[in-house]
Amino acid sequence: MTGNLHQIVLPGNLDDERLPLYLRAETGAVNRLSARSFTVEAHSRVSFGTYFNAFPAAYWVHSTGVRELILRIEFEGKATVRVHRSDSDGHASLVATEVLTTGLSDVPISLRDDDDQGSWLWFDIATGDVPFVVMGASWRTVREPVRAPMASIGITTFNKPDYCVEILDALRCAPELHRYLARVRIVDQGERRVVEHPNYVRAVEGLDELIAVLPQDNLGGSGGYARVMAESLQDRSTCVLLLDDDVKIEPEAIRRAIMFSAHCRVPTIVGGHMFDLLDPLKLYAWAEVVDEEPFMWRTLHAEQMPIDFAESDLRDVALLHQRMDVDYNGWWMSLIPREALESVGLPMPAFIKWDDAEYSLRAAQQSIPTVTLPGVALWHVSWVGKDDLIDWQAYFHARNRIVAALLHSEAPRGGSLLRHSRRVDLKHFMSMQYYPVALRHHALRDVLSGPAHMHAGLRTALASARALELKFPETRAVDAGARRSTVSWSDDDRDAPRGWRLPIFLVRSLASQWLHRPRPASALTADVVVAAKSSRWWRLAQYDSALVTMAATGETRLFVRDRKRFRMLMLESLRLHRELRRRWRALSEEYRAADLSSLNAWTQTFDATHSSSSEDALG
């Protein structure tokens with residue numbers, strides 16, 4: 001047999017908090033023998049209809065030529081194995097039943113062409129009077145891959161050596177993955193170097209031929225991944241797997257992504273799902289798309305996310321049995337085929353935000369699809385506990401979204417994008433958040449200046465955004481006890497203005513802020529105290545100041561109404577959005593004609609950065 005597709009992965013510890021993602025003991029007990037072998041005790045039933053061990057047949061049928069599978073089990077003892085197949089509604093049917101007695105068993109399973117709309121395969125083991133020992137289990141195919149399964153791994157990091165060393169150590173402990181790796185590159189853009197970590201030497205033991213650590217100035221995620229992609233064109237890899245630095249990986253998931261890519265009929269970007277690092281059984285973002293109106297990313301079926309596998313089983317959640325088409329996959333884990341590097345190019349110089357979405361949109365124009373493959377995932381801190389829309393990242397959110405729309409939107413003047421952008425400003429005004437508005441306006445001015453600013457500002461954009469903080473007191477932590485209010489509220493959005501009430505609410509609130517001065521005492525004692533997740537703009541609009549606890553840091557910030565600043569920024573918002581609308585068509589042509597993402601453009605940026613760094617070092 002060749003072309004091992006999915007080797008069953010078992011948790012290293014049966015008490016591990018991630019256990020429900022791998023197997024479920026429905027009755028009786030399971031005892032671990034090693035990382036890949038276990039005993040199913042007598043009179044027990046164990047199901048592998050789980051996220052990491054069920055086979056996502058719909059995706060394989062849709063994207064590959066694989067139509068015949070072999071479920072191989074190596075075992076001792078006697079048990080009954082039942083293979084199940086689901087449809088797109090989550091209804092399961094029995095595919096095969098085998099009574100196994102000590103040895104090696106191959107259970108053949110055919111995939112149907114109509115499975116591509118939605119289908120999983122999984123097996124259960126039921127024992128009788130004696131235990132059943134599983135030494136190994138895997139899904140296999142006799143079909144040869146279309147391209148060689150050989151990947152480079154690329155990690156971009158900034159001052160997170162602890163995480164990087166953990167990733168390297170996990171790779172070291174997965175020898176079954178090594179044969180599929182051409183290189184593991186870490187682009188180190190921070191001051192706390194990975195190679196100086198006390199556990200680095202041990203983590204790369206035995207991986208010396210694979211590891212390359214490449215220091216460079218901080219060019220953001222796009223600059224780091226561009227370096228990884230450029231370097232990967234020089235080795236024998238057929239794809240490059242991009243990984244975030246602050247993640248925990250499942251090495252088997254990496255192997256699955258490589259094997260799926262190798263079997264795809266056409267070159268395909270293969271993305272992975274994201275589980276919450278702090279709540280490991282919660283899955284975020286099953287499939288992600290970019291809506292033409294108002295040109296914004298979103299998660300499909302967001303109202304049902306996250307999926308909590310502590311409460312739900314894969315077999316019970318009908319939504320997860322549908323095959324979903326995506327527009328892009330986040331670069332926390334995304335595998336890019338070599339053909340894409342050669343024909344699509346490298347990322348746009350975004351620094352952070354939108355580089356992943358824009359790349360997949362550009363690849364789709366070259367008939368290179370993106371597939372987010374179930375069973376391929378890692379653990380990353382979710383975006384629920386982040387403040388990136390009101391800190392320095394607001395600049396990149398605004399600029400890169402508009403640039404991506406200039407590059408790809410077919411709607412006249414970007415459709416409703418600019419109207420939506422103005423509304424974002426209004427929400428910040430209501431919330432007394434003037435710093436992110438100033439950042440957004442800085443972003444719009446840069447967009448209007450033309451595409452040349454993107455490569456030119458890679459080294460300076462972050463510093464420029466951070467420098468603006470000094471002008472806004474709201475960005476600094478305060479002593480909450482000294483400015484405490486007795487008014488507070490919980491997270492509840494039932495009182496949000498909707499329908500005909502919304503425009504009336506906006507007009508009244510904006511008129512009040514334009515005409516009335518805030519109470520002088522509001523800058524000394526907050527009118528209200530609230531957590532970040534509950535600081536809804538329509539509520540804060542009713543106050544002159546608020547103490548807000550930040551989600552990411554736990555710091556307390558004081559937001560105070562500022563009529564003068566509001567008036568100035570409001571007029572600037574109207575002017576900039578009007579100018580963007582007027583020049584949209586010309587700017588779109590200019591950005592689409594610019595060389596932002598070629599290997600040559602990035603090489604010049606790398607060379608210029610290296611020269612600048614050398615001059616800085618010389619004083």
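The values are calculated or read from the model by the stated rules, or taken from the named source; none is laboratory data. This one's a predicted model, so the numbers in the text were calculated from it and none came from an experiment. A quick note on method: Cβ atoms are made from the backbone with ideal geometry, for glycine too, and the neighbour counts reach across all protein chains shown. Accessible surface is based on the protein model in full, side chains and every heavy atom, while ligands, DNA and RNA are left aside. Shrake-Rupley method; radii C 1.70, N 1.55, O 1.52, S 1.80 Å.
So here's what we get for this one:
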item: Test: residue in the range 136-146 that is hydrophobic (A, V, I, L, M, F, W, C), surrounded by fewer than 21 Cβ atoms within 10 Å (Cβ to Cβ) and part of a strand (DSSP E or B); result: no
item: Members of the range 266-285 found to be touching a strand residue (DSSP E or B) at 6+ places or on another chain (Cβ under 6 Å), open to solvent by 10 Å² or more (accessible area, probe 1.4 Å) and farther than 26 Å from Q304 by Cα, listed by number; result: P267
item: All positions within the range 513-555 that are over 28 Å from Q393 (Cα atoms) and without any contact (Cβ under 8 Å) to a residue 12 or more places away in the chain; result: L515, P520, A521
item: So T556, is it more than 23 Å from R423 (Cα to Cα) and at pLDDT 85 or above; result: yes
item: Tally of residues being open to solvent by less than 10 Å² (accessible area, probe 1.4 Å), part of a loop (DSSP other than H, G, I, E, B) and closer than 22 Å to H455 by Cβ across the range 324-344; result: 0
item: Selection within the range 524-546 - open to solvent by less than 40 Å² (accessible area, probe 1.4 Å) and over 31 Å from the mean Cα position of the chain (by Cα); result: A526, D527, V528, V529, A541, D544, S545, A546
item: Cβ pairs under 9 Å, 6+ apart, first in the range 188-212 and in a helix (DSSP H, G or I), second of a type in the set (G, A, S) and open to solvent by 70 Å² or more (accessible area, probe 1.4 Å); result: none
item: The listed residue being in a helix (DSSP H, G or I) and either touching a residue at least 40 places away in the same chain (Cβ under 8 Å) or out of contact with any Lys or Arg (no Cβ under 9 Å at 6 or more places or on another chain) (or both), out of I402, I390; result: I402
item: Residues that are more than 22 Å from M259 (Cβ to Cβ) and touching a strand residue (DSSP E or B) at 6+ places or on another chain (Cβ under 7 Å), drawn from the range 365-380; result: H380
item: Selected residue (criterion: farthest from R445 (Cα to Cα)) from residues of the range 345-387 that are in a helix (DSSP H, G or I) and of a type in the set (S, T, Y); result: S360
item: Subset of the range 76-99 that is of a type in the set (D, E) and over 28 Å from D129 (Cα atoms) - its residue that is least open to solvent (accessible area, probe 1.4 Å); result: D87
item: Single unsatisfied condition, D245 versus (1) within 21 Å of V187 (Cβ to Cβ); (2) in a helix (DSSP H, G or I); result: (2)
item: Hits in the range 166-188 - residues which are open to solvent by less than 10 Å² (accessible area, probe 1.4 Å) and either in contact with a helix residue (DSSP H, G or I) (Cβ under 7 Å, 6 or more places away or on another chain) or of a type outside the set (V, I, T) (or both); result: L168, L171, A174, L177, L181, V184, I186, V187, D188
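Listed here are the residues, each with its yes/no results for (1) modelled with pLDDT under 95; (2) surrounded by 21 or more Cβ atoms within 10 Å (Cβ to Cβ).
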| residue | (1), (2) |
| --- | --- |
| R18 | yes, no |
| L23 | yes, yes |
| A29 | yes, no |
| V40 | yes, yes |
| W60 | no, yes |
| L69 | yes, yes |
| E74 | yes, no |
